[in-house]
Amino acid sequence: MYEYLLRPILFLFDPERVHDFFVWFGERLGNCAPGRSIVRMFCSYNHPSLRTRVAGIDFENPVGLGAGFDKDMRLTRIMPTVGFGFMEVGAVTRWLYAGNDGLRLARLPEDRSLIVYYGLKNIGAEAVLAKLPELQKNGKFDIPIGVNIAKTNRADIKGAASIEDYAATYRMLSPHFSYITLNVSCPNAQDGCMFQEPHMLDSLLAVLARERKHCPVFLKISSHLSKEETDAILDVVGKYPFVDGFVVGNLSKRREDLLLRSSREKLDAIPNGGISGGPIREISTKLIEHIHKRSGGRYTIIGLGGVFTAEDAYKKILAGASLVQMVTGLIYGGPMAVRRINKGLVKLLARDGYSHVADAVGKGAR
């Protein structure tokens, strides 16, 4: 019904307005016990082979909602009933930021993709912190929830102030979430991917290494990095044992490498935006495989980019991802997509003789 009836109607309207409506509706549905029960009845799916323990955290299934969908932590009550095994909120920055001006979201149906240009729009770390008592029960969410943090997207915050901006958000939020992701690769911020550069990353991690560690720490990197760029990042991260793994990977602005089928007119609607979804599926999976092999499986990897089906998720798991995330796949596939992926993963695991999802991690890496 979603694919053939609802989605064609929704795709007639401005994508940012549609997204804002669904966040509003999902928040209210999540605050209603009967609403949560109905969604759970249709969408949830549990199976023993999907349960996994990663970085000391127990997950009912390995499929999570990636950062960028729930920027302001409004969907933490409804997304567990949709069937996600975990979710990541944000990106959250130290200070509130209204986002980039102009058009910030566009669909590319021919590529099953989006152009994203929000520019780290969010309510800020203090506002997120203030919401926690209302949303958590006994200091916990219903599923593991990570928080994605980034530098406030303001031109007046630079140099040492940028690092302190990260560190302040880290101190404020890390005690309250299952894990924390350092987003050093947002392509739509004024500083671009500045902290993904090895010398800047080294400076950032050196400061954060002095902070108290409350939960696992992941680094979100771009999906389009070359092997040489990735190895340089791994060399830096290897100096800091407090980093547990990577989220691979972020939006891509290297459009010339993506073999996009969409018209020039559609692509020029947001010329500086990052590309999500289908076009980055394979490059993300290859990068996961490279990191897994290069590090000897030392790091936990969360695979993101082009997860629409169980096969997409399974390829990332075989490449070395212990968990996967989706964002664009939810927009194109609807809320039942999570159930379909989890059911499909159970069949794929059984086909290949694996009793649990953890058994398949990295088994396809060549």
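Across segment 268-298, the number of residues qualifying as over 19 Å from ARG112 (Cα atoms) and part of a helix (DSSP H, G or I) comes to 9.
Residues checked against (1) modelled with pLDDT of 95 or more; (2) under 30 Å from THR300 (Cα atoms); (3) in contact with a strand residue (DSSP E or B) (Cβ under 7 Å, 6 or more places away or on another chain); (4) of a type in the set (D, E, K, R):
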{"site": "LEU5", "(1), (2), (3), (4)": "no, no, no, no"}
{"site": "ARG17", "(1), (2), (3), (4)": "yes, no, no, yes"}
{"site": "GLU27", "(1), (2), (3), (4)": "yes, no, no, yes"}
{"site": "GLY66", "(1), (2), (3), (4)": "yes, yes, yes, no"}
{"site": "VAL89", "(1), (2), (3), (4)": "yes, yes, yes, no"}
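Residues that are hydrophobic (A, V, I, L, M, F, W, C) and either surrounded by fewer than 24 Cβ atoms within 10 Å (Cβ to Cβ) or over 17 Å from the mean Cα position of the chain (by Cα) (or both) within segment 271-308 comprise ILE283, ILE291, PHE308, listed in sequence order.
Scanning segment 137-163 for residues that are assigned to a helix (DSSP H, G or I) and within 25 Å of VAL248 (Cα to Cα) gives SER162, ILE163. All conditions but one from (1) more than 11 Å from the chain's Cα centre (by Cα); (2) under 18 Å from ASP142 (Cβ atoms) apply to LEU108; the one that does not is (2). Close Cβ contacts (under 6 Å, 6 or more residues apart or on different chains) running from residues in segment 40-59 that are farther than 27 Å from CYS215 by Cα to residues that are of a type in the set (D, E, K, R) and surrounded by fewer than 16 Cβ atoms within 10 Å (Cβ to Cβ) comprise TYR45/LYS343. Does any residue of segment 123-136 turn out to be assigned to a loop (DSSP other than H, G, I, E, B), on the phi < 0 side of the Ramachandran plot and at pLDDT 95 or above? Yes, segment 123-136 contains a residue that is assigned to a loop (DSSP other than H, G, I, E, B), on the phi < 0 side of the Ramachandran plot and at pLDDT 95 or above. Taken together, the residues in segment 28-50 that are aliphatic (A, V, I, L, M), in contact with a helix residue (DSSP H, G or I) (Cβ under 8 Å, 6 or more places away or on another chain) and more than 21 Å from LYS137 (Cβ to Cβ) amount to 1.
Restricting attention to segment 140-158, the residues being free of Cβ contacts under 8 Å to residues at least 60 places away in the same chain, within 20 Å of TYR97 (Cβ to Cβ) and out of contact with any Asp or Glu (no Cβ under 8 Å at 6 or more places or on another chain) number 4. Scanning segment 289-317 for residues that are touching a Ser or Thr at 6+ places or on another chain (Cβ under 9 Å) and either modelled with pLDDT under 95 or not basic (Lys, Arg) (or both) yields HIS290, ILE291, THR300, ILE301, ILE302, GLY303, LEU304, GLY305, GLY306, VAL307, PHE308, ASP312.
The values are calculated or read from the model by the stated rules, or taken from the named source; none is laboratory data. Fair warning: this is a prediction, and the values are worked out from it, not measured in the lab. Here the Cβ is made from the backbone with ideal geometry for all residues, glycine too, and neighbour counts use every protein chain on show.
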